[in-house]
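K.L.:
Structure in structure tokens, see below.
The values are calculated or read from the model by the stated rules, or taken from the named source; none is laboratory data. In this text, all values refer to a predicted model and were calculated from it rather than measured experimentally. In this analysis, Cβ positions are derived from the backbone assuming ideal geometry, glycine residues included, and neighbour counts consider all displayed protein chains.
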Amino acid sequence: MYTPEIYKNENPEEIRTFLKENSFGILINQTNGKLCATHIPIELDVNPHGKEILQGHISKLNPQAEGFAENDQVLAVFTGPHAYISSSWYDHENVPTWNYIAVHVYGSIKIVDYSTSVEQLKKLVDKYEVNSENPVSIDSLSEKTMREARGIFGFEIEIDEIQATRKLSQNRDEHNYKNIISELAKTENPQAIAVAKEMSKCGK
């Protein structure tokens, strides 16, 4: 991912938090000479050796899974809030742009066994059911329902490289920076407001 130095995020804790909060990603690989991508939850976790990994699952019917055996190199893309930045918000003439936060994770993927896949599912469901009025648990599902888990491949991705971008108008002076935040907040667009909040956290 092309990222000018001013926009690079090299803070491990911030990146870790981002991945946990924006875990619905895009898994990309090459299958039969063609690029393939699937939109799925991909969770950051720690393996038994204490190393951070990504994990998730994919349907056995998904042709993308065929490519894992021939080439285990994959890219997982995670995106956060993003918003259009109008040049009318500056006190000088300039070009419009786009602010955004994104993380690319490169690594090698492997298919895990069925019991590990089920453990992954338990963690995933527990994470997103925590605020449900009547939370569902994998342990409470019937054997008949759990047969559907036989239709997936659980996977783990050993992380080789992480590239993180926070493009949040860091190249603007304090006056224009604050004005961008103010204008984003006025839009009533949830994505724009989220970008304004991220910019306010960073400060100028």
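K.L.:
Tell me, please, whether a residue that is over 20 Å from the mean Cα position of the chain (by Cα), loosely packed, with under 14 Cβ neighbours inside 10 Å and either modelled with pLDDT under 95 or closer than 18 Å to S23 by Cβ (or both) can be found in the stretch 96-112.
P.N.:
The answer is no, given that none of the residues of the stretch 96-112 is over 20 Å from the mean Cα position of the chain (by Cα), loosely packed, with under 14 Cβ neighbours inside 10 Å and either modelled with pLDDT under 95 or closer than 18 Å to S23 by Cβ (or both).
K.L.:
Across the stretch 125-161, what is the total count of residues that are exposed (fewer than 10 other Cβ atoms within 10 Å of the Cβ) and touching a Leu at 6+ places or on another chain (Cβ under 7 Å)?
P.N.:
So the answer is 0.
K.L.:
Moving on to the next point. Could you check how many residues of the stretch 148-176 are farther than 30 Å from H49 by Cβ, at pLDDT 90 or above and over 17 Å from the mean Cα position of the chain (by Cα)?
P.N.:
9
K.L.:
Here is a follow-up. Under 6 Å between Cβ atoms, which residue pairs at least 6 apart in sequence (or on different chains) link something in the stretch 81-104 that is in contact (Cβ under 8 Å) with a residue 24 or more places away in the chain and of a type in the set (G, A, S) with a partner that is buried (at least 17 other Cβ atoms within 10 Å of the Cβ) and not in a helix (DSSP H, G or I)?
P.N.:
A83/N99; A102/T165
K.L.:
Which of the numbered conditions does T165 fail, given that it passes all the others? Conditions: (1) buried (at least 17 other Cβ atoms within 10 Å of the Cβ); (2) in contact (Cβ under 8 Å) with a residue 24 or more places away in the chain; (3) more than 24 Å from E43 (Cβ to Cβ).
P.N.:
Checking T165 against (1) buried (at least 17 other Cβ atoms within 10 Å of the Cβ); (2) in contact (Cβ under 8 Å) with a residue 24 or more places away in the chain; (3) more than 24 Å from E43 (Cβ to Cβ), the one that fails is (3).
K.L.:
Suppose the filter is closer than 21 Å to N22 by Cα and either more than 17 Å from the chain's Cα centre (by Cα) or at pLDDT below 90 (or both); does N131 pass it?
P.N.:
yes
K.L.:
May I ask you to list the residues in the stretch 86-95 that are within 24 Å of Y2 (Cβ to Cβ) and surrounded by 10 or more Cβ atoms within 10 Å (Cβ to Cβ)?
P.N.:
Passing the criteria: S86, S87, Y90, N94.
K.L.:
Moving on. Could you tell me which of the residues L19, L61 is outside any strand (DSSP E or B) and crowded, with 16+ Cβ neighbours inside 10 Å?
P.N.:
Just one listed residue meets the conditions, L19.
K.L.:
Counting only residues that are in contact with an Asp or Glu (Cβ under 6 Å, 6 or more places away or on another chain) and assigned to a strand (DSSP E or B), which one in the stretch 23-55 is surrounded by the fewest Cβ atoms within 10 Å (Cβ to Cβ)?
P.N.:
The residue in question is V46.
K.L.:
Further question on the same structure: I want to confirm something. Restricting to the stretch 80-95 and keeping residues that are part of a loop (DSSP other than H, G, I, E, B) and closer than 21 Å to K197 by Cβ, which single residue is farthest from the chain's Cα centre (by Cα)?
P.N.:
Y90
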